[in-house]
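Accompanying notes for the structure given below.
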Amino acid sequence: MPGNKPATYSDLAKVDATTNDEIARQIAEDPDTAPELTDEWFDKANLHYGEKLIRRGRGRPPLDAPKKLVSLRLDRDVIDRFRAGGPGWQSRINAALRKHLWGEPG
């Protein structure tokens, strides 16, 4: 049946008459609208590979007294004991050294 057109249930004239400003306003008012993906947005975003966090976004402010990276040889049993306590084991070693040197609580 040539000449038959499928039924259109949209108001195409209204769609055609919609201006770019009106479209931008509707997008801005929609709470489900995703943010604009700018270079700044990507710099602050966390990077994941599947469920694994590869890089944390750069949102944390710099520390006043950042820790210094050092290479230190410790006995295996000492490392195993601190690691057995779970995440934060390096901070617990730091606290133990601080307590030993200055008597400060960890």
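Given their separation in residues at 0.36 nm each and the Cα-Cα distance between them, E22 and H100 gain 21.3 nm when the chain is fully extended. What's the angle, to the nearest 10 degrees (0 to 90), between helix 20-29's Cα axis and the longest principal axis of the chain? Roughly 50 degrees between the two axes. Relative contact order of the range 12-102: 11 percent, from C-alpha pairs under 8 Å at least 6 residues apart in sequence.
Evaluating 6.51 cos²θ - 1.76 cosθ + 1.60 at θ = phi - 60° for every residue in the range 71-78, the Karplus couplings come out as 9, 9, 9, 10, 5, 4, 5, 5 Hz, glycine and proline recorded as x.
Amide H contacts for A45 (H built 1.01 Å from N in the peptide plane; partners 5 or more residues away or on another chain; cut-off under 5 Å): R58. When shorter helices are ignored and each DSSP H run of at least 4 residues is given -39500 (n - 2.57), the per-residue value for the chain at 222 nm works out to -11500 deg cm²/dmol. Remark: the range 35-44, residue by residue, has Karplus-estimated 3J(HN,Hα) of x, 5, 8, 9, 4, 4, 4, 5, 4, 8 Hz, where x stands for each Gly or Pro and the curve is 6.51 cos²θ - 1.76 cosθ + 1.60 at θ = phi - 60°. Considering every alpha-carbon pair of the chain, the percent of pairs per 10 Å bin, from zero through the bin containing the longest distance, is 9, 18, 20, 15, 12, 9, 8, 6, 2, 0.
In sequence order, the range 94-101 has phi-based couplings of 4, 5, 5, 5, 4, 5, 5, 6 Hz under the Karplus curve 6.51 cos²θ - 1.76 cosθ + 1.60, θ = phi - 60°, and Gly or Pro positions carry x.
No value in this document is a laboratory result; all are computed from the given coordinates. A quick note: this is a predicted structure, and the numbers were derived from the prediction, not measured.
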